[in-house]
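Engineer: I'd like to ask you about the structure that follows.
The values are calculated or read from the model by the stated rules, or taken from the named source; none is laboratory data. For clarity, every value in this text was computed on a predicted model and none was experimentally measured. Note that we place each Cβ from the backbone using ideal geometry, even for glycine, and neighbour counts take in every protein chain shown.
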Amino acid sequence: MSSNTTAEQIEEMLARPGAPRRVTTLRAPSLTLKGLTGDFFKLVQYRDLLYTLSVHRIKVRYKQSVLGAAWAILQPLSLMLIYTLIFSLIVRMPTGGTPYAVFAYAALLPWTFFSTALVNATNGLVTHAQLITKVYFPREILPLTYVIASLFDFLIASTVFAGLMLYYHVALTMRALYVLPIILILTCFVTAISLFFSATQVRFRDIGVAMPLLLQLWMFATPVVYPLSAVPARLQAVYKLNPMVGLIENFRQVTLYGASPDLTLLGLSTLISVLLLVAAYVYFKRVEATVADVI
Amino acid sequence: MSNLDLEFNHVSKRYRVWQQQEAGLTTRNAFVRRLQSLRKRAQDFWAVKDVSFEVPRGEALGIIGHNGAGKSTILKLLSNITSPTSGEITIRGRLSALIEVGSGFHPELSGRENVYLSGSILGMRRREITKKLDSIVEFAELRQFIDTPVKRYSSGMYVRLGFSIAAHLDPDILLLDEVLAVGDAAFQSKCLQRIMELKQAGKTIVFISHDLTAVERLCDRVLLMQRGELIKTGPTREVISEYNQATTSFVSSAPPTREIESLPRWARITDLAFRDAAGVMASSFCSGEPLSVRVEYTADEHVEDAVFEVFFYSQDGQLRCQLTTELSGARIDLEPGTGAVEFYCPELSLLPGAYTVDLTIANRGALAGTAIDWQFRCATLCVEKGKTVRGDFYMPHQWQFRREEKDAARNSSHTERSLGELASKV
């Protein structure tokens, strides 16, 4: 039985009088597998809230702005223009023959997804303090909706990427389909960091303040404006521990160069992302238990 | 299968109160102190301490107590907003909290969009909301405005929409906070009616409130909380009247001890009872309800032309009104022995509040302070919302509706009849 139908069926049962009712037990948080699966089941039950709230984010974000959803495109686009100005006119960056504009955009596209999601999700709990102290719902929904909204922005901004590829005559190969698993892993990683930061932000607002600086440093520690090959070989082992390295570099490889992904690198990113996601979820749930008291 | 919908099993909730340190003179100092304060074990505050209770299916349970007694914490624990520090809470069925209506509204979105948003925050499925949308809008009386952004709503409209969503949750167990105090009177009674419907449908209800009248009307049983502990459980009236007696704190003027001691006391007041229309003893009544006051006495000597009086003082120590046997010409001559005087008020005119009571026996025409017996601030009468009006007191009244008819002759019989129908006692 899939988890999807379980929730449905329970609801059907509840609708019938005399049907057995769901029993909920509330106690102090403890780390058990059963508790964790229970938490996950709750999230599945609340999937409609996840949907409604994500749509709401997308609608509201640009509601009173003149340019509206164009902002989703403008952000990576303007960054691309700035970096192109610097790294193709002022300093020449070796890109393996690819025009720098499209080279940078191929990395700025997933990077913007990562950074917007993180900036918004980190404040996700704090900005909803009012709600959190009044109603129960699985709190991870709040940071998750920002991740989903950013993913939506990512899709909009992808159209510009397609336009650039056409303009510069970069041909897509079947290998470009690798972007799908790459985006999936990237989403896992973004979610993990978002959960971790948003929960920490509740007690230590320093996280939010440090965010712009942190993201800037992180971007320069990731092959966004330069290729991975530019990193000295002796530093690469440490450098690659940053999961964003494997994700961004491979995203560029499969789209721009039509190359196969570096599976070792991607595997490392996947492993770290998944482990972090589990750890972040456990941590988040632990903070959640008393978040209403602290926020 | 257990028929207990809710079980609180030795539940405690601790809050850490972090002591606020004064900022240091230098940044370094402040930073070090911040770090120290993080490490330091802060003071513990137990908002709920080892509380156990059960709520069987279909019962309406009230929880009362002073501010800070732990009522709201219990509500937060039940609705899973925060977790208990120890103990276990078992909930059988779908629980919905009507805590603060309008939670999660977004001003930019239309009423309709907000119904979906707020509804899903409260745990409804989209399908369910779509099905109930018409009914929600109808209940909130907002059909015309449902596509207007809620930032253009008046606060009344806002609250109506919020309650309407919450009222359509269809839970097995309903948690209620002070929500009855929303909107205008008409909407309030609609809310109460909806809650009564849910109660009649056999839903389990937990109601946490300061409004004792509402608790009395709705609840079968009441828990009294004090400083995080459960101090009394029992039938509603019993617990409420105990709570009233324990909690009335007055601007007590010092008793005029010397005067009272020098009273002759040929006759003494021995007991006082307030009763309602059914003759049931109580200490809390609603404005406009009948009230009878029975004063018992024991006389040691013969007293000629005695006058019994009952005085009601408000919390600020002001004399509000008086019951007396003096106004009627009838004489009361007391003989040695016991007896009682009963006052009967068809409609209690005092407005909601707590009143302390003085009782006296005096000779007719006696000056103040020269009574025979004087029981100073000896009892409390709590008046709850009933026929509550604006002003200082409720004046019992009746009314009649009359319409001037042009063709009086032809319609006279009809007019007479409709007047008869419309005449009403408030």
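Engineer: Looking at region A:214-226, is at least one residue in a helix (DSSP H, G or I) and over 17 Å from the mean Cα position of the chain (by Cα)? Can you show your working first?
Structural biologist: Of the residues in region A:214-226, the ones in a helix (DSSP H, G or I) are A:214-220.
The next check asks that each one be over 17 Å from the mean Cα position of the chain (by Cα); those that pass are A:217, A:220.
Checked against the condition, which is being in a helix (DSSP H, G or I) and over 17 Å from the mean Cα position of the chain (by Cα), region A:214-226 yields at least one hit.
Engineer: I need the helices (runs of 4 or more DSSP H) fully contained in region B:132-245, keeping only those with at least 2 residues that are out of contact with any Cys (no Cβ under 9 Å at 6 or more places or on another chain) and polar (S, T, N, Q). Working first, answer last.
Structural biologist: Numbers: elements: B:155-167, B:185-200, B:212-218.
Where helices (runs of 4 or more DSSP H) fall fully within region B:132-245 and carry at least 2 residues being out of contact with any Cys (no Cβ under 9 Å at 6 or more places or on another chain) and polar (S, T, N, Q), they are B:155-167, B:185-200.
Engineer: Here is a further query. Any idea how many residues of region B:66-87 are more than 7 Å from every other protein chain (Cβ to nearest Cβ) and without any contact (Cβ under 8 Å) to a residue 40 or more places away in the chain?
Structural biologist: 1
Engineer: Based on this model, can you work out whether residue B:330 counts as in a loop (DSSP other than H, G, I, E, B) and more than 14 Å from residue B:267 (Cα to Cα)?
Structural biologist: Judged against the criteria, residue B:330 is a match.
Engineer: Continuing with this model, one more query. Which ones in region A:250-263 are part of a helix (DSSP H, G or I) and touching a residue at least 40 places away in the same chain (Cβ under 8 Å)?
Structural biologist: A:250, A:251, A:252, A:254, A:255, A:256 - these are the residues of region A:250-263 that are part of a helix (DSSP H, G or I) and touching a residue at least 40 places away in the same chain (Cβ under 8 Å).
Engineer: Does region A:264-283 contain any residue that is more than 30 Å from residue A:204 (Cα to Cα) and without any contact (Cβ under 8 Å) to a residue 24 or more places away in the chain?
Structural biologist: For region A:264-283, residues more than 30 Å from residue A:204 (Cα to Cα) and without any contact (Cβ under 8 Å) to a residue 24 or more places away in the chain: present.
Engineer: From B:253, B:241, grab the single residue that is modelled with pLDDT under 85 and surrounded by fewer than 18 Cβ atoms within 10 Å (Cβ to Cβ).
Structural biologist: When all the criteria are applied, what remains is B:253.
Engineer: Taking into account only those residues within region B:333-383 that are at pLDDT 90 or above and touching a Lys or Arg at 6+ places or on another chain (Cβ under 6 Å), which is nearest to residue B:281 (Cα to Cα)?
Structural biologist: B:342
Engineer: Does region A:284-295 contain at least one residue that is at pLDDT 90 or above and hydroxyl-bearing (Ser, Thr, Tyr)?
Structural biologist: No, region A:284-295 has no match at all.
Engineer: While we're on this one: Would you mind stating whether residue B:127 is assigned to a helix (DSSP H, G or I) and in contact (Cβ under 8 Å) with a residue 12 or more places away in the chain?
Structural biologist: So residue B:127 fails the test.
Engineer: Only one residue in B:342, B:309, B:335 is of a type in the set (D, E, K, R) and surrounded by 17 or more Cβ atoms within 10 Å (Cβ to Cβ), so which one is that?
Structural biologist: The conditions single out B:309.
Engineer: Could you list, ordered by first residue, the pairs with Cβ atoms under 7 Å in which the first is in region B:202-215 and within 17 Å of residue B:58 (Cα to Cα) and the second is surrounded by 20 or more Cβ atoms within 10 Å (Cβ to Cβ) and of a type in the set (Phe, Trp, Tyr), at least 6 apart or interchain?
Structural biologist: Listed pairs, sorted by first residue: B:215/B:207.
Engineer: Moving on to the next point. Select from region B:88-113 the residues that are at pLDDT 85 or above and more than 7 Å from chain A (Cβ to nearest Cβ) and list them in ascending order.
Structural biologist: At the first step, the residues of region B:88-113 found to be at pLDDT 85 or above are B:88-95, B:110-113.
Listed by number, the residues that qualify are B:95, B:110, B:111, B:112, B:113.
Engineer: Still on this model: Among the residues of region B:176-198, is there at least one that is within 14 Å of chain A (Cβ to nearest Cβ), over 16 Å from residue B:111 (Cα atoms), of a type in the set (D, E, K, R) and within 22 Å of the chain's Cα centre (by Cα)? Steps first, answer last, please.
Structural biologist: Initially, region B:176-198 is screened for residues within 14 Å of chain A (Cβ to nearest Cβ), giving B:176-179.
Narrowing the set further to residues that are over 16 Å from residue B:111 (Cα atoms) leaves B:176-179.
Among the residues that remain, those that are also of a type in the set (D, E, K, R) are: B:177-178.
Checking which are within 22 Å of the chain's Cα centre (by Cα) leaves us with B:177-178.
Within region B:176-198, one or more residues are within 14 Å of chain A (Cβ to nearest Cβ), over 16 Å from residue B:111 (Cα atoms), of a type in the set (D, E, K, R) and within 22 Å of the chain's Cα centre (by Cα).
Engineer: If a residue must be modelled with pLDDT of 85 or more and not β-branched (Val, Ile, Thr), how many such residues does region B:199-217 contain?
Structural biologist: So the answer is 6.
Engineer: What is the residue count in region A:183-205 for residues that are part of a helix (DSSP H, G or I) and either closer than 14 Å to residue A:247 by Cα or of a type in the set (Lys, Arg) (or both)?
Structural biologist: The number of residues fulfilling the criteria is 9.
Engineer: Just to confirm my filter: which helices (runs of 4 or more DSSP H) fall fully inside region A:1-76 and include at least 3 residues that are surrounded by 11 or more Cβ atoms within 10 Å (Cβ to Cβ), within 12 Å of chain B (Cβ to nearest Cβ) and at pLDDT 85 or above?
Structural biologist: A:33-45, A:47-61
Engineer: Quick one: how many residues across region B:116-135 are modelled with pLDDT under 90 and hydrophobic (A, V, I, L, M, F, W, C)?
Structural biologist: Total meeting the criteria: 4.
Engineer: Next up: Please enumerate the residues belonging to region A:132-161 that are touching a residue at least 12 places away in the same chain (Cβ under 8 Å), within 14 Å of chain B (Cβ to nearest Cβ) and among the β-branched types (Val, Ile, Thr).
Structural biologist: A:132, A:133, A:141, A:145
Engineer: Pick from region A:218-236 the residues that are among the aliphatic types (A, V, I, L, M) and surrounded by 11 or more Cβ atoms within 10 Å (Cβ to Cβ): which of them is farthest from residue A:200 (Cα to Cα)?
Structural biologist: Filtering region A:218-236 for residues among the aliphatic types (A, V, I, L, M) gives A:219, A:221, A:224-225, A:228, A:230-231, A:233, A:235.
Within this subset, residues satisfying the condition of being surrounded by 11 or more Cβ atoms within 10 Å (Cβ to Cβ) are A:219, A:221, A:224-225, A:228, A:230-231.
Values: A:219: 22, A:221: 23, A:224: 27, A:225: 30, A:228: 32, A:230: 35, A:231: 32 Å.
Of everything passing the filter in region A:218-236, A:230 is farthest from residue A:200 (Cα to Cα).
Engineer: Given the residues A:129, A:117, which is the only one that is small (Gly, Ala, Ser), at negative phi and within 14 Å of another protein chain (Cβ to nearest Cβ)?
Structural biologist: Result: A:129 is the single residue among A:129, A:117 that is small (Gly, Ala, Ser), at negative phi and within 14 Å of another protein chain (Cβ to nearest Cβ).
Engineer: Return yes or no: is residue A:189 among the hydrophobic types (A, V, I, L, M, F, W, C) and either within 26 Å of residue A:295 (Cβ to Cβ) or surrounded by 15 or more Cβ atoms within 10 Å (Cβ to Cβ) (or both)?
Structural biologist: Yes, satisfied.
Engineer: Further question on the same structure: Would you check if residue B:291 is within 28 Å of residue B:398 (Cα to Cα) and of a type outside the set (Phe, Trp, Tyr)?
Structural biologist: yes
Engineer: Within region A:255-293, can you find the residues that are within 21 Å of the chain's Cα centre (by Cα), of a type in the set (Val, Ile, Thr) and within 14 Å of chain B (Cβ to nearest Cβ)?
Structural biologist: Correct list: A:287 only.
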